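Novice: Take a look at this one; I'll ask things after.
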Amino acid sequence: MAQPCRSNSFVLRIWWERDGGEHPSWRGWVQHATSGEALYFRHLNDLLLFIEAHTGPLAQSRGMEGEGKESEREAK
């Protein structure tokens, strides 16, 4: 059985966009480097869903639970 890929690469571009209103909004584009699949998005959740579609659920990925805790301890 093939091992799941432990790393993935994405190209991410974000920018401010005015839609005729007073306040600009964030917009973005992301591309999975291996498959070439791409997505334009307006909401962060759409970006996260795209990434999860290629990596599996982020909260359940190996090492995700403990990541950041080490650096948080070092900063204190």
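The values are calculated or read from the model by the stated rules, or taken from the named source; none is laboratory data. Computed from a predicted structure; not experimentally measured. All Cβ positions, glycine included, derive from the backbone under ideal geometry; neighbour counts span all protein chains shown.
Novice: In this structure, does Arg6 turn out to be over 12 Å from the mean Cα position of the chain (by Cα) and at pLDDT 90 or above?
Specialist: No.
Novice: Pull out all pairs, ordered by first then second residue, where Cβ-Cβ is under 8 Å, the residues are six or more apart or on different chains, the first lies in region 8-23 and is closer than 24 Å to Pro57 by Cβ and touching a residue at least 40 places away in the same chain (Cβ under 8 Å), and the second is in a strand (DSSP E or B) and among the aliphatic types (A, V, I, L, M).
Specialist: Final answer for the pair search is Phe10/Val30.
Novice: Collect the residues in region 24-33 that are at pLDDT 95 or above and part of a loop (DSSP other than H, G, I, E, B), keeping them in residue-number order.
Specialist: Ala33
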